[in-house]
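Down below is the structure, laid out as structure tokens.
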Amino acid sequence: MAFTALVCYGCSSKNSASTQRSDTTLSNKSIKKNIGSKIIFSRQKNQKKLTQEYSSAAKNSNYTLASPYIKVNPYETSPLTALITFKTNKAAKVTYTVQGKSEGTSITNTVNGGYTKSHQVPVVGLYANYSNRVTLHVTYKNGQTATKNVTLKTGDLPTYIKRAKISVSKKDTTKISSGHNKLTLMNRTTKEPFAVDSDGQVRWYSTNYSQHTVEQWSKGRLMILTKEKKSSQLYNDLVETDWLGRVYKEYSFAHKTGSSDGGEKEKTVIHHDLLELPNHNILATVSDGSKYKEDVLVEISHKSGKIVKIIDFKKILPKSMWMKYKKDSSGDVDWLHQNAVDYDSNDHSIVISSRNQDLIMKLDYNTNKIKWIYNGKSKKDWPQKYRKYLLKKDGNTTTTTGGQHGLYILKDLNSDASKTDILLYNNNIAVTNGNKKTSGKYSEGVQYRVDAKKMTIKQTWSYGKSLGQENFTPIIGYTEKQSNGNYLITFGYKKKGQESNIIEVTPDGKQVFNLTIKNPASKAYVYRAYRIQVYNDDYVFDATQD
């Protein structure tokens, strides 16, 4: 089966007869100018009136538990959330519960901040087009309690979620990784991101369109790549926000730098992944503004919004990889197609995934020097100076990655810094160096252990092969390990993008959750699904602060 003619996000770009011969790379100065990152305050200015309104409500003693201030969709971008404000005569802490429609679907959170007399309750997890029953439970220091039930009415879902036709075919509530405040977040390739409960009921969404990028951030926040306006064809607005839609920081990028896949009209600067470094700076996969795309990493200062570090993979990998790679249908050269990056705090390094080279690699983040490389390319086909970095397979069952996605490092699986445990989604399509014998027959979630001392890689877990071609996806996908040891796997481009299939399995491969989304529009499929807390321990909400 051949998939190189697909015109969609993430597809192979080796379908043109025109070959690039230039070995020109841009200077760091040119890359910074082309990307043009900066901090702006447009959205924060727009929410200033809301801050004033909520500050007044917080000071108003007339709002009590018996008669609280309530605002559904408080920041006008998150319709299934609410802000409830009231005062108590004595210091107390507040817990809220959004009553679920079935067993195990209620969402309960205790407001962080301890005992206070003034209370701001950020409610997440309402149902759409529904009279939601929310219970406020107040506990005073002396142990006394008080309860108030309120009803919150919400509007209908937007078109591109309503048409999604979400169905759950399997749900074992005794074994899925859920808890009292977890939802499954659908990070879509485009349109509105949304989150569902174990019934497949939508319990959160953002009206901001996003592309590939909705990531968890510190302080219980989210980082979403969106547009300045829905009508825009460019995703160049990166917003640090929370589940209620409050904006804390906004980064903007140059309008002329974005790239697209397969000649699509919509373009993006940050194309597939970003993460928060220990210093809180942003590490993002970008295009540099040249004819070569999706082959550069930049570190962006969270204080200034400026680029403080650039990693250009044209300057790290063999020239033959990018000089001879052919244009795609958009006229660009997508030779690397970097679709994932993660940071390893054990040795201050990063791991990256290159779809179009079927390659995963680890680099020292200080020096940009290669630590190891793994792909299906024969050792003799690598230039001599790269051969010492190539990993050898440990065991006959270790697969060769093909067009893989979503690579990240598993934390705390062992105390040996020389061993790195990695989880990824193996699309199993031989783009350039994958396994041609198995290519197109199945896709799978795969876990590896890399031994940097022995320079070996060993497969330690996988799931998906038994599903066969039915769940083969030539592009996108993700595998996430859960706190209970289960794995959540995103078969995002199933049946040529007609549907996305999210499956949770136990370590021994037993399905405990199976959800299908009928994709309602072109490119509205699920890029990655995350099982995520909607209110974590370091989230502190204060609507009165600018």
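Can we say His348 is touching a His at 6+ places or on another chain (Cβ under 9 Å) and touching a residue at least 12 places away in the same chain (Cβ under 8 Å)? Walk me through it before giving the result.
On the way: touching a His at 6+ places or on another chain (Cβ under 9 Å): no; touching a residue at least 12 places away in the same chain (Cβ under 8 Å): yes.
In short, no.
Could you list all residues from region 240-273 that are surrounded by fewer than 23 Cβ atoms within 10 Å (Cβ to Cβ), in a strand (DSSP E or B) and of a type in the set (A, V, I, L, M, F, W, C)?
Scanning region 240-273 gives a single hit, Val247.
Exactly one condition in (1) in contact with a strand residue (DSSP E or B) (Cβ under 9 Å, 6 or more places away or on another chain); (2) farther than 23 Å from His271 by Cα; (3) outside any loop (DSSP other than H, G, I, E, B) is false for Thr397; which is it?
Only one criterion is unmet by Thr397, namely (3).
Do we find a residue being exposed (fewer than 15 other Cβ atoms within 10 Å of the Cβ) and in contact with a Phe, Trp or Tyr (Cβ under 9 Å, 6 or more places away or on another chain) anywhere in region 123-133?
Scanning region 123-133 turns up no residue that is exposed (fewer than 15 other Cβ atoms within 10 Å of the Cβ) and in contact with a Phe, Trp or Tyr (Cβ under 9 Å, 6 or more places away or on another chain).
What number of residues within region 389-407 satisfy the criterion of being open to solvent by 40 Å² or more (accessible area, probe 1.4 Å) and modelled with pLDDT of 95 or more?
Adding up the residues that qualify gives 4.
When residues of region 274-293 are filtered for being surrounded by fewer than 23 Cβ atoms within 10 Å (Cβ to Cβ) and aromatic (Phe, Trp, Tyr), how many remain?
0
Quick one: in region 487-539, of everything that is small (Gly, Ala, Ser) and open to solvent by less than 30 Å² (accessible area, probe 1.4 Å), which residue is farthest from the chain's Cα centre (by Cα)? Reasoning before the result, please.
Applying the first criterion (small (Gly, Ala, Ser)) to region 487-539 yields 492, 497, 500, 509, 521-522, 524, 529.
Within this subset, residues satisfying the condition of being open to solvent by less than 30 Å² (accessible area, probe 1.4 Å) are 492, 497, 500, 509, 521, 524, 529.
Working: Gly492: 13, Gly497: 19, Ser500: 16, Gly509: 24, Ala521: 20, Ala524: 15, Ala529: 8 Å.
The selected residue is Gly509.
Got a number for residues in region 453-474 being of a type in the set (Phe, Trp, Tyr) and either buried (at least 20 other Cβ atoms within 10 Å of the Cβ) or not in a strand (DSSP E or B) (or both)?
The initial filter retains those residues of region 453-474 that are of a type in the set (Phe, Trp, Tyr), namely 461, 463, 472.
Filter once more, so that each one left must be either buried (at least 20 other Cβ atoms within 10 Å of the Cβ) or not in a strand (DSSP E or B) (or both): 463, 472.
Total meeting the criteria: 2.
Given the conditions (1) touching a residue at least 60 places away in the same chain (Cβ under 8 Å); (2) over 21 Å from Leu222 (Cβ atoms); (3) open to solvent by 20 Å² or more (accessible area, probe 1.4 Å); (4) out of contact with any Lys or Arg (no Cβ under 7 Å at 6 or more places or on another chain), which single one is not true for Asp542?
(2)
Filter region 475-486 for residues that are under 19 Å from the mean Cα position of the chain (by Cα) and open to solvent by 10 Å² or more (accessible area, probe 1.4 Å) and give the result. It would help to see each step written out before you state the result.
At the first step, the residues of region 475-486 found to be under 19 Å from the mean Cα position of the chain (by Cα) are 475-483, 486.
Within region 475-486, Tyr478, Glu480, Lys481, Gln482, Ser483 qualify.
For region 381-400, does any single residue satisfy the condition of being in contact (Cβ under 8 Å) with a residue 24 or more places away in the chain and in contact with a Gly (Cβ under 7 Å, 6 or more places away or on another chain)?
For region 381-400, residues in contact (Cβ under 8 Å) with a residue 24 or more places away in the chain and in contact with a Gly (Cβ under 7 Å, 6 or more places away or on another chain): present.
Would you check if Lys377 is under 28 Å from the mean Cα position of the chain (by Cα) and modelled with pLDDT under 95? I'd like the intermediate steps shown before the answer.
Numbers: under 28 Å from the mean Cα position of the chain (by Cα): no; modelled with pLDDT under 95: yes.
In short, no.
Being open to solvent by less than 10 Å² (accessible area, probe 1.4 Å), of a type in the set (Ser, Thr, Tyr) and assigned to a loop (DSSP other than H, G, I, E, B) is the filter here, so list the residues in region 177-205 that pass it.
Ser177, Thr189, Thr190
Restricting the first residue to region 314-337 and requiring it to be farther than 19 Å from Ser27 by Cα, which pairs with a second residue that is open to solvent by 40 Å² or more (accessible area, probe 1.4 Å) and not in a loop (DSSP other than H, G, I, E, B) meet a Cβ separation below 6 Å and a spacing of at least six or different chains?
As it stands, the answer is Lys326/Thr19, since those pairs meet every condition given.
Can you tell me how many residues in region 154-191 are over 27 Å from Asn486 (Cβ atoms) and within 18 Å of the chain's Cα centre (by Cα)?
Just the residues of region 154-191 that are over 27 Å from Asn486 (Cβ atoms), to begin with: 154-160, 162-163, 190-191.
Now narrow it down to the ones that are within 18 Å of the chain's Cα centre (by Cα): 190-191.
Looking only at that region, the number is 2.
Within region 142-158, track down each residue that is open to solvent by 50 Å² or more (accessible area, probe 1.4 Å) and closer than 24 Å to Asn62 by Cβ.
Gln144, Thr145, Thr147, Lys148, Asn149, Thr151, Lys153, listed by residue number.
Out of all the residues in region 159-176, is one or more among the aromatic types (Phe, Trp, Tyr) and open to solvent by 50 Å² or more (accessible area, probe 1.4 Å)? Outline the logic, then answer.
To start, the set of residues in region 159-176 that are among the aromatic types (Phe, Trp, Tyr) comprises 160.
Still in the list and also open to solvent by 50 Å² or more (accessible area, probe 1.4 Å): 160.
Yes, region 159-176 has at least one match.
I'd like to check which strands (runs of 3 or more DSSP E) are fully inside region 305-388 and have at least 3 residues that are open to solvent by less than 10 Å² (accessible area, probe 1.4 Å). Working first, answer last.
Numbers: elements: 307-312, 338-344, 349-354, 359-364, 370-374.
In region 305-388, the matching strands (runs of 3 or more DSSP E) lie at 338-344, 349-354, 359-364, 370-374.
Would you confirm, using the coordinates I've provided, whether Leu50 is open to solvent by 10 Å² or more (accessible area, probe 1.4 Å) and under 35 Å from the mean Cα position of the chain (by Cα)?
Values: open to solvent by 10 Å² or more (accessible area, probe 1.4 Å): yes; under 35 Å from the mean Cα position of the chain (by Cα): yes.
Judged against the criteria, Leu50 is a match.
Looking only at region 408-452, which residues are open to solvent by less than 10 Å² (accessible area, probe 1.4 Å) and among the hydroxyl-bearing types (Ser, Thr, Tyr)?
Thr420, Tyr425, Ser443, Tyr448
In the set Ser61, Ser67, Ser78, Ser102, which member is surrounded by 18 or more Cβ atoms within 10 Å (Cβ to Cβ), part of a loop (DSSP other than H, G, I, E, B) and either under 32 Å from the mean Cα position of the chain (by Cα) or at pLDDT 95 or above (or both)?
Details: Ser61 fails: surrounded by 18 or more Cβ atoms within 10 Å (Cβ to Cβ); Ser67 fails: surrounded by 18 or more Cβ atoms within 10 Å (Cβ to Cβ); Ser102 fails: surrounded by 18 or more Cβ atoms within 10 Å (Cβ to Cβ).
Going through Ser61, Ser67, Ser78, Ser102 in turn, the sole match is Ser78.
Consider Asp508 carefully, then state whether it is free of Cβ contacts under 8 Å to residues at least 24 places away in the same chain and outside any strand (DSSP E or B). Let's see the steps before the verdict.
Working: free of Cβ contacts under 8 Å to residues at least 24 places away in the same chain: yes; outside any strand (DSSP E or B): yes.
When the stated conditions are applied, Asp508 passes them.
The values are calculated or read from the model by the stated rules, or taken from the named source; none is laboratory data. Please read these numbers as outputs of a predicted model, since none were measured by experiment. So basically every Cβ, Gly included, is an ideal-geometry build from the backbone, and we count neighbours across all protein chains shown. Keep in mind that these areas ignore ligands, DNA and RNA; they rest on the heavy atoms of the full protein, side chains included. Shrake-Rupley method; radii C 1.70, N 1.55, O 1.52, S 1.80 Å.
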